[in-house]
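Data first, discussion second: the structure below is written as structure tokens.
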Amino acid sequence: MRALGAVLAALAVLTGCSGGAVSGSPQAATPAVTTPVAESESATTKSPPTTASGSSALSRIEPCEMFSDSELAQLGVAGGEPADTAKSRGCDWTKSGDYGFGISIRENFSLKDADFQGGVPTPVEIGRHEATELANLGGGAGGCDIYVVITEMSSVQITATASGLKDTAKACAKALVVARMIDPKLP
């Protein structure tokens, strides 16, 4: 908590030192998103942010435009195909004969209300966001989902499948690479 206070104090000093006239139209300030740590949690455990600003920032993200050309080449895929549903905006990518993955942006989906179909999600480290991994959702071999918490009521889901739906470890490895690649791009 002291580190957060020091960062906020430094930001206040920097903001106060900018001085001079500011051009452009005034805009509402975006509240800072903080990640509180409960007393029973260790300092490395992440909790979902409690503000809704992440959800509104998610609305500006286009799933099929999340990767640069070099990132697509690194993943071995070309442009994605839109895969929107009634509850999410999404995009799917496929490397023929190898694997596929999709990203679903869920602006109004709480992980605490998720139906994991009997599976037990486990925490996974992707960067700055809290995330959980669930292998073989619904009992099918060769699939893996990673759920990234944005706010208490918004999330991003990465779903990967290995060719032939047999290699769960490969699917989870691919999902993890994708999750780590998009983590810094998420609010």
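Data for the structure
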{"quantity": "Residue identified as more than 16 Å from ALA57 (Cβ to Cβ), in contact (Cβ under 8 Å) with a residue 12 or more places away in the chain and among the aliphatic types (A, V, I, L, M) among ILE105, ILE158, ILE150", "calculated": "ILE158"}
{"quantity": "Of residues in segment 81-102 being assigned to a loop (DSSP other than H, G, I, E, B) and touching a residue at least 60 places away in the same chain (Cβ under 8 Å), the one surrounded by the fewest Cβ atoms within 10 Å (Cβ to Cβ)", "calculated": "GLY97"}
{"quantity": "Scope segment 103-129; condition in a loop (DSSP other than H, G, I, E, B), surrounded by 20 or more Cβ atoms within 10 Å (Cβ to Cβ) and of a type in the set (S, T, N, Q); matching residues", "calculated": "none"}
{"quantity": "Scope segment 139-154; condition among the small types (Gly, Ala, Ser) and either at pLDDT 95 or above or open to solvent by 50 Å² or more (accessible area, probe 1.4 Å) (or both); matching residues", "calculated": "GLY139, ALA141"}
{"quantity": "Residue tally, condition open to solvent by 30 Å² or more (accessible area, probe 1.4 Å), among the aliphatic types (A, V, I, L, M) and at pLDDT below 90, over segment 52-80", "calculated": "1"}
{"quantity": "Filtered residue count, segment 158-181, keeping only those that are surrounded by fewer than 22 Cβ atoms within 10 Å (Cβ to Cβ) and in contact with a Phe, Trp or Tyr (Cβ under 8 Å, 6 or more places away or on another chain)", "calculated": "4"}
{"quantity": "Selection status of THR132, assigned to a strand (DSSP E or B), open to solvent by 80 Å² or more (accessible area, probe 1.4 Å) and out of contact with any Asp or Glu (no Cβ under 7 Å at 6 or more places or on another chain)", "calculated": "no"}
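The values are calculated or read from the model by the stated rules, or taken from the named source; none is laboratory data. No experiment lies behind these values; they were computed from the predicted model shown. Note that we place each Cβ from the backbone using ideal geometry, even for glycine, and neighbour counts take in every protein chain shown. Note: accessible area is taken over every heavy atom of the protein model, side chains too, but ligands, DNA and RNA are not part of it. Shrake-Rupley method; radii C 1.70, N 1.55, O 1.52, S 1.80 Å.
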